[in-house]
Every structure is written in C-alpha cells, then in structure tokens.
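Below: one structure in structure tokens.
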Amino acid sequence: MSKKQVEEKTKNVSRRYNRIFILRYYTVGLFFINLYWFLMSILSQHWGAIIPFSLLMFSGVAYSEQLRFATSKQDKFLLSRNKVYFSVQLVTMIFLFLSLFHQGVFNWFFPFFVFNSRLRLILGGSYVLGILLCLLCVKRIKNVSMNKDKYYLKYEK
C-alpha cells in the first residue's frame, strides 16, 4: 500500500468514527460506571451484581459493533446492537431513578450506599443526565443507520 492509500484509509476510518463520536465515549463512560457498580456489588456479596454484569457484557458487544462500523465500507450500517444496548441501559436508568423514591428498592440495587437525601439528589441528577444522553444516543443511532446524520450529509455524501 502506498502512503497516499494509507492516508486515505485512515481518513475514512476517522470520518466514520466521528459519526459515532458520542456513542463511543458514552459507551466507555457507562462501562466504567457499570464496572464500579458491579465491583461494589460483588464486594457486598450481593447477587444483584448480575444487573451491572449484564450491562458490561452488552457494552462490550456494542463497542465491538462500533469498531466494525468504523472499519466497514458499507454505506448502510444498522448499529442494531448499539440500539439494544442503549435501550436496555435507558430502561435500567429509569428503574434506578425510580428506586430513589423507595428505600427498600434502592437498598436492593445499592446495598453498599446509605439511603440519604444528599446521595439521592446526586444520583437523581446523574440519572436524569444519563437518561437524556441515552435518548440522544438512540436518536443518533437512528440517524446514522439511515445516513441522515449531519456528519454524513456534510462530508460523506
């Protein structure tokens, strides 16, 4: 491969990564949040650790699909696994947000936290932000899948 071909290939991969920029970084961020939740649940010897463990597995599958998307030459790429992952993460965050209003449910999800108003306020704000970002990601997936995202329309069309 010539230097020019390598540069062109790198440029194409870069362009495709830019189309899913927010998905990539939010997936990684959620991975580490779920990893923390999983480890704390394991250390608390709580069988509810299966929820964050499942989310970790989903995020791995979603991230591998993102890597395939970036190196693919397909014009249409559905990102279906990412859509499933962000939908599952969204539903989980909604349940976690609702758990803030009931101590028993909250303690089941987070046996390692003390149920108090300051923590509930911090977690509530975090969940609202997380829910909004998940909704944004689902919308972005839809636009990228249909090649209607701004980046595609501007640079790749």
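The values are calculated or read from the model by the stated rules, or taken from the named source; none is laboratory data. As the structure is a prediction and not an experimental result, all values here were calculated from the model. We place every Cβ from the backbone using ideal geometry, glycine too, and count neighbours over all the protein chains shown.
Only one of (1) surrounded by fewer than 18 Cβ atoms within 10 Å (Cβ to Cβ); (2) under 20 Å from Val138 (Cβ atoms) fails for Thr71. Which number is that?
The failed condition is (2).
Taking the conditions exactly as written (in a helix (DSSP H, G or I) and at pLDDT 95 or above), does Lys139 satisfy them or not?
Yes; evaluated as a whole, the condition is true for this residue.
Filter region 62-78 for residues that are among the hydrophobic types (A, V, I, L, M, F, W, C) and under 20 Å from Gly130 (Cα atoms) and give the result.
Ala62
Which of the residues that make up region 15-46 are in contact (Cβ under 8 Å) with a residue 12 or more places away in the chain, over 21 Å from Leu129 (Cβ atoms) and not in a helix (DSSP H, G or I)?
Ser44, His46, listed by residue number.
Quick test for you: out of Ser80, Ser99, pick the one residue that is surrounded by 19 or more Cβ atoms within 10 Å (Cβ to Cβ) and not basic (Lys, Arg).
Just a single option satisfies the conditions, and that option is Ser99.
Of the residues that make up region 47-60, is at least one at pLDDT 95 or above, under 30 Å from Leu153 (Cβ atoms), in a helix (DSSP H, G or I) and of a type in the set (S, T, N, Q)?
Yes, region 47-60 contains at least one residue that is at pLDDT 95 or above, under 30 Å from Leu153 (Cβ atoms), in a helix (DSSP H, G or I) and of a type in the set (S, T, N, Q).
Inside region 108-124, can you point out the residues that are exposed (fewer than 12 other Cβ atoms within 10 Å of the Cβ), more than 19 Å from Ser44 (Cβ to Cβ) and not polar (S, T, N, Q)?
The answer is Arg118, Leu121, Ile122.
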